[in-house]
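The values are calculated or read from the model by the stated rules, or taken from the named source; none is laboratory data. Here the structure is a predicted model, which means the values were calculated and not measured. Reconstructed Cβ throughout: ideal geometry from the backbone, glycine too, with neighbour counts over all protein chains shown. The protein model used for the area step is the full one, side chains on, heavy atoms only, and it has no ligands, DNA or RNA in it. Shrake-Rupley method; radii C 1.70, N 1.55, O 1.52, S 1.80 Å.
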Amino acid sequence: LAIFNPSNLPPSQMLHDIMAEIEGKEFTMQDEADGRFFVDAMSICLRMNDLELAYRLHNLQETGENWRLVGDSYRQSIYYGKFLDLICQMEGGEEMWRWYKDLVPSVHYPNVAAILNILRSLEVSNMHHKIPELWEDIRNLQHFNKQELVEGVLEFMAREKHSPEIQQLFMPVVQNIKENFEFYYSAPAPPRRATLSWSSSSLSNLLVLFLRAGELKKASDMLPLFKEHTKTPSAEAMEEYLAACVEAKDKNKAKAGLNIAVHCGLPKIVEYAENLKSSFNMGEQEQTGIDAILKEELNVEPGEEKNKQ
């Protein structure tokens, strides 16, 4: 297979011919090189995006004791990883999830890249309700402290606003991720070096997810972390936060949000200030307090605000 399917050329149809000859038959290892067949063949299926052929190959692997030809745990990981990757690309939906649950963790331990593929497949299929189950697997696989994956999970949950039921379903995952970040920041230096670190996107996504679950206090508790770790909230997250404060009629939390927006130099800060003044029907003294926030950080006099915007 390797000879007739070099990586720098499109794969040939030889595997189809081979499968026509050996399908349904049982084999025993005759040579050490026999252990390469299933891995190489599944690689070709992935290169050709041929899911039907991959299913046929997998059925052959499950015939009798052909599974022994897959080889050691390393080769098994490659074989099942490519098989699941192809399923994620071509199937999606409940069928993809059925295969995922069938393979993981009984015969396959996916790496971070593989789980990100599964996340993309779930998102395309609008299967956000599966995230608590997937996160539990991520924890069991010891991937819960992998920065790229944690960022991907947060982005998956925060990219769009969902029904109240789905937002509540996210909450155990959101809370656990926040606790993981806090743990690594409170841990001694050596464990911290290769683990989680706050980013602007992770903080912004957690802020938004707490807001959408109706947890304004928990969202407000995220604000000091932006200043503490020199990160900047996204404009979208800050607008959503301030809107939630207005809806909850919570002036103090709104002012705290404005403080962070001004400190981080977000766009539209003058607009935010004017909206808060009008939304809360602030008196002259309170409006002066808002003006003081802008003046302190931006050196903007109250009469100059419109021009500064």
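Points to keep in mind about this one:
- Lone unmet requirement of (1) in contact with a helix residue (DSSP H, G or I) (Cβ under 6 Å, 6 or more places away or on another chain); (2) assigned to a loop (DSSP other than H, G, I, E, B); (3) more than 26 Å from residue 168 (Cβ to Cβ) for residue 265: (1)
- Test: residue 51 is under 39 Å from the mean Cα position of the chain (by Cα), within 16 Å of residue 87 (Cα to Cα), modelled with pLDDT of 95 or more and crowded, with 19+ Cβ neighbours inside 10 Å: no
- Meets criteria (at pLDDT below 90, among the aliphatic types (A, V, I, L, M), part of a helix (DSSP H, G or I) and crowded, with 21+ Cβ neighbours inside 10 Å) for residue 276: yes
- Members of the range 46-78 found to be touching a Leu at 6+ places or on another chain (Cβ under 9 Å) and under 16 Å from residue 22 (Cα atoms), listed by number: 53, 54, 57, 61, 66
- Pick from the range 212-254, criterion in contact with an Asp or Glu (Cβ under 9 Å, 6 or more places away or on another chain) and closer than 23 Å to residue 291 by Cβ, ranking: surrounded by the most Cβ atoms within 10 Å (Cβ to Cβ): 220
- Number of positions in the range 225-248 that are touching a residue at least 12 places away in the same chain (Cβ under 8 Å) and more than 22 Å from residue 274 (Cα to Cα): 5
- Screening 251, 255, 268, 218 for residues that are within 22 Å of the chain's Cα centre (by Cα) and either of a type in the set (Lys, Arg) or at pLDDT below 95 (or both) leaves exactly one candidate, 218.
- Within the range 135-159, considering residues that are in a helix (DSSP H, G or I) and open to solvent by 30 Å² or more (accessible area, probe 1.4 Å), the one farthest from residue 222 (Cα to Cα): 140
- Flag for residue 148 being under 22 Å from residue 195 (Cβ atoms), out of contact with any Asp or Glu (no Cβ under 7 Å at 6 or more places or on another chain), at pLDDT 95 or above and acidic (Asp, Glu): yes
- Scanning the range 109-134 for residues that are open to solvent by 60 Å² or more (accessible area, probe 1.4 Å) and in contact with a Ser or Thr (Cβ under 9 Å, 6 or more places away or on another chain), we see that the one that is farthest from residue 98 (Cα to Cα) is 111.
- Residue in the range 191-199 that is small (Gly, Ala, Ser) and open to solvent by less than 50 Å² (accessible area, probe 1.4 Å) present: yes
- Residue check, residue 73 without any contact (Cβ under 8 Å) to a residue 60 or more places away in the chain, loosely packed, with under 15 Cβ neighbours inside 10 Å and not hydrophobic (A, V, I, L, M, F, W, C): yes
- Any hit, the range 25-39, residues being part of a loop (DSSP other than H, G, I, E, B), out of contact with any Cys (no Cβ under 7 Å at 6 or more places or on another chain) and among the basic types (Lys, Arg): yes
- Residue count for the range 21-48 under the criterion of being exposed (fewer than 15 other Cβ atoms within 10 Å of the Cβ) and of a type in the set (Ser, Thr, Tyr): the result is 1.
- Residue 162, sole failed condition from (1) of a type outside the set (Gly, Ala, Ser); (2) at pLDDT 95 or above; (3) under 15 Å from residue 105 (Cβ atoms); (4) not in a helix (DSSP H, G or I): (3)
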